[in-house]
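Asker: For reference, the structure I am asking about is given below.
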Amino acid sequence: MKKKIMIATNLYQVDPVVYASQMNMMYRVGKDLTDWEVFFSAPWRLPIDKARDMAVQNALKNDCQYLFFYDDDMFLHPNVVEKLLRRVEENPDIHIIQAKAFIRGYPYDPMIFKFVEEDKLQLYVDFEKDVDENGLLKVDAVGCCCTLIDCELFKRTPEPWFVTGLGHTEDVYFCLKAKTYTGNIGIYMDNDIEVGHLLDRPILTSYSRNVLMKMNEEYDLNQIWMPDQKFVPSIKDAKEPLAPTKYMNPIEQFSKIEEAI
């Protein structure tokens, strides 16, 4: 009997070319995973935490062993899913694993987090020095832009699994809640598997990150490729309000947050 995996995203893009490209990419993923039964969840423009919870519910209903999340502004080769599956299958200590990815706004920090104190969670900016000889880095939380999760965590962690709050994103919330309910789980980044954030024209990877950093700093520009609602024209203006490195630890607030939703 084939093992099962749920592949999930939340479709915000309205460009039909982008949509068609994603469908083609997921077709290739399903075609290549010959030893797996593949399910898909792709709601249209739901709140991100609700879309993720819906994907979990669908994964559990279909008895999936794994759930793979990717964001619709990510550029990834179809074999990334297979590579992450291989990592988890070969390493029983891994329960959540994310490919290497960077946040799409300056200063393009990595989408991984670590505790520097008991109640202080920070972006893992200086991660390179801690990557082990196998290309793995143990972290305390990840974004879910390109992430594989063992579905056993969802069975052991009560709903809701993903909640977006004022001081935390929905993916960080799940990582911390899962650790609270299931103990010492393994959350990792795979430094050998990299995916890119789409920035309209350039794709944010390790190489382009260095180029974009130089362009931003030398010409005092911020988010020149894809300005969003937080856009400010100057890096000098952006450094203070748009460079948060400390995130609220929601562990002590699970019950309060969930009572309010």
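Asker: Taking amide H atoms as placed 1.01 Å from N in the peptide plane, list the residues 5 or more away in sequence, or in a different chain, whose amide H sits under 5 Å from that of PHE39.
Answerer: Amide H neighbours of PHE39, under 5 Å, 5+ apart: ILE5, MET6, ILE7.
Asker: How much length would be gained if the chain were fully extended between GLU37 and ASN62, taking 0.36 nm per residue of separation minus their Cα-Cα distance, in nm to one decimal?
Answerer: 8.0 nm
Asker: Once you have the Cα-Cα distance between GLU133 and ARG45, take 0.36 nm times their residue separation minus that, and quote the gain in nm to one decimal.
Answerer: 27.7 nm
Asker: Under the Karplus relation 6.51 cos²θ - 1.76 cosθ + 1.60, θ = phi - 60°, what is the ordered set of whole-Hz ³J(HN,Hα) values for segment 67-72, x standing for Gly and Pro?
Answerer: 10, 10, 9, 9, 8, 6
Asker: If a/c stays under 1.5 just call it rounded; otherwise compare a/b with b/c (prolate if a/b is bigger, oblate if not). Do that for segment 12-163, with a ≥ b ≥ c from the square roots of the Cα gyration tensor eigenvalues.
Answerer: Rounded, since a/c falls under 1.5.
Asker: Looking only at Cα atoms, what is the convex hull volume of segment 90-133 per residue, in Å³?
Answerer: In segment 90-133, the Cα hull volume divided by residue count equals 115 Å³.
Asker: With r as the distance between the Cβ atoms of GLU152 and VAL125 and R0 = 30 Å, compute the FRET efficiency 1/(1 + (r/R0)^6) and round to 0.05.
Answerer: Efficiency computed from Cβ-Cβ geometry: 0.45.
Asker: Rounded to the nearest 0.05, what FRET efficiency is calculated for GLU90 and MET215 with R0 set to 45 Å and r the Cβ-Cβ distance?
Answerer: Efficiency for this residue pair is about 0.70.
Asker: Report the trypsin sites (Lys or Arg not before Pro) located in segment 1-84 that are in a DSSP loop and have at most 15 other Cβ atoms inside 10 Å of their Cβ, or state none.
Answerer: Of the trypsin sites (Lys or Arg not before Pro), the ones in loops of segment 1-84 whose Cβ has at most 15 other Cβ atoms within 10 Å are LYS2, ARG45.
Asker: Just need the Rg to Rh number for segment 80-214, please, alpha carbons only, Kirkwood Rh.
Answerer: In segment 80-214, Rg relative to Rh is 0.96.
Asker: Give, in nm to one decimal, the length gained when the segment between ASN184 and TYR207 is fully stretched (0.36 nm per residue of separation minus the Cα-Cα distance).
Answerer: In short, 4.9 nm is gained.
Values in this text are rule-based calculations from the coordinates and carry no lab data. Just so you know, these numbers come straight off a predicted model, no measurement behind them. Note that each Cβ is placed from the backbone with ideal geometry, even for glycine, and that neighbours are counted across all protein chains shown.
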